[in-house]
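Enquirer: Okay, here's the structure, questions in a sec.
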Amino acid sequence: MRTIVGITGASGAAFAVDLLARCPGEVHAIASKWGRAVLQEECGETPESLARTGARFLPDGDLAAPFSSGGNHFDAMVILPCSASTMAKIAVGIGDTLLTRTAHVCLKERRKLVVCLRETPLTTITLENASKLAVAGAIVMPIMPAMYLKPATVADVVSGFVDRVLSVLGVEPAPARRWRGTELS
């Protein structure tokens with residue numbers, strides 16, 4: 001599996017760090033300018049320090065990078081966290097950065113695009129943009145905790161949501177972290 005992880009300036013960088021650490025296969029990452037700032041501010045991480053995850057970071061300003069073209073195959077893109085601004089750019093067809101252009105490649109090539117919105121409350125405009133992306137084939141997953149997992153720590157909340165993202169990508173989470181009707185197994 002070849003996955004692209006986009007990281008924007010929305011709060012929630014811990015979700016991206018966890019996904020980078022746990023996403024199987026070949027992982028490439030694109031962090032916007034503000035995505036890099038939030039990684040540093042919230043997690044004390046940089047693209048260089050995240051090399052330990054095996055993810056290869058690409059410069060967001062490099063529109064000549066391989067994934068800006070549909071001719072370079074990848075299986076899925078997850079934008080986590082996704083700001084309302086980035087969602088808006090993608091929804092209206094603005095591909096002015098590698099991150100937004102790669103999202104457009106997903107849509108035009110009918111590849112899996114998972115947009116994990118980190119914003120609240122939501123304006124009507126943001127809801128309309130989410131709807132546009134869903135109609136175009138994206139999966140819109142606002143970052144929300146799964147309280148039925150009974151998270152005891154922030155790391156548990158992060159891990160529970162990332163399990164859900166991995167499941168959408170076709171990677172099953174650990175059996176102990178799945179909903180089984182009225183009880184967890």
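Enquirer: Using R₀ = 30 Å, calculate the FRET efficiency as 1/(1 + (r/R₀)^6) where r is the Cβ-Cβ separation of ALA21 and THR124; round to 0.05.
Expert: The computed FRET efficiency comes out at 0.25.
Enquirer: Could you give the C-alpha radius of gyration of the chain expressed as a fraction of 2.2 N^0.38 Å, taking N as the number of residues it contains?
Expert: Dividing the Cα radius of gyration by 2.2 N^0.38 Å gives 0.98.
Enquirer: Another one. If you line up the long axis of helix 124-136 against the longest principal axis of the chain, both from Cα atoms, how many degrees apart are they, to the nearest 10?
Expert: 80
Enquirer: Nearest 20 debye, what's the magnitude of the dipole of the chain about its Cα centre given +1 on Lys and Arg Cβ and -1 on Asp and Glu Cβ?
Expert: Rounded to the nearest 20 debye, it is 400 debye.
Enquirer: Continuing with this model, one more query. Within the chain, how many lysine pairs that are 8 or more places apart, or on different chains, have C-alpha atoms less than 24 Å apart? Walk me through the numbers on the way to the answer.
Expert: On the way: LYS33/LYS89; LYS89/LYS108; LYS89/LYS112; LYS89/LYS132; LYS108/LYS132; LYS112/LYS132.
For the chain, qualifying lysine pairs total 6.
Enquirer: Report the relative contact order of the chain, percent, no decimals, based on alpha-carbon pairs under 8 angstrom and at least 6 residues apart. Provide the component values of the computation, followed by the final result.
Expert: Numbers: 333 pairs, mean separation 38.1, N = 185.
Computed over the chain, the figure is 21 percent.
Enquirer: To make sure I understand, if each residue's beta carbon is the centre and we count other beta carbons within 10 Å, what order do MET1, MET147, MET87, MET141 fall in, fewest to most?
Expert: Values: MET1 13, MET147 9, MET87 28, MET141 18.
Ordered from fewest to most neighbouring Cβ atoms within 10 Å, MET1, MET147, MET87, MET141 come out as MET147, MET1, MET141, MET87.
Enquirer: Can I ask one more? With runs of 4+ DSSP H residues as the only contributors, calculate the mean residue ellipticity of the chain at 222 nm using -39,500 (n - 2.57) per run, divided by the residue total and rounded to the nearest 500. Numbers along the way, then the final one.
Expert: Details: 6 runs with 64 residues, N = 185.
Rounded to the nearest 500, the figure is -10500 deg cm²/dmol.
Enquirer: Here's a follow-up. At a 10 Å Cβ-Cβ cut-off, how would you order VAL168, VAL114, fewest neighbours first?
Expert: By the 10 Å Cβ count, ascending: VAL168, VAL114.
Enquirer: Just subtract the alpha-carbon distance of ILE94 and THR153 from 0.36 nm times their residue separation and send over the number in nm, one decimal.
Expert: Extra length from ILE94 to THR153 when fully extended: 17.5 nm.
Enquirer: Here's something else I'd like to know. So, in nm, how far is label GLU41 from label MET1 when the simple model puts each one 7 Å beyond its Cα toward the Cβ?
Expert: Once both label points are built, they end up 3.1 nm from each other.
Enquirer: Follow-up question, since we're still on this one. In the stretch 63-156, which trypsin sites (Lys or Arg not before Pro) are in a loop and have at most 10 other Cβ atoms within 10 Å, using DSSP for the loop call?
Expert: Filter output for the stretch 63-156: ARG110.
Enquirer: If you keep only loop residues by DSSP, which trypsin sites (Lys or Arg not before Pro) in the stretch 17-69 have at most 12 other Cβ atoms within 10 Å of their Cβ?
Expert: Within the stretch 17-69, no trypsin sites (Lys or Arg not before Pro) qualify (loop, at most 12 other Cβ atoms within 10 Å).
Computed from the coordinates by the stated procedures, all read-outs in this text should not be read as laboratory data. For clarity, every value in this text was computed on a predicted model and none was experimentally measured. Neighbour counts are summed over all protein chains in view; Cβ atoms, including those assigned to glycine, are modelled from backbone coordinates with ideal geometry.
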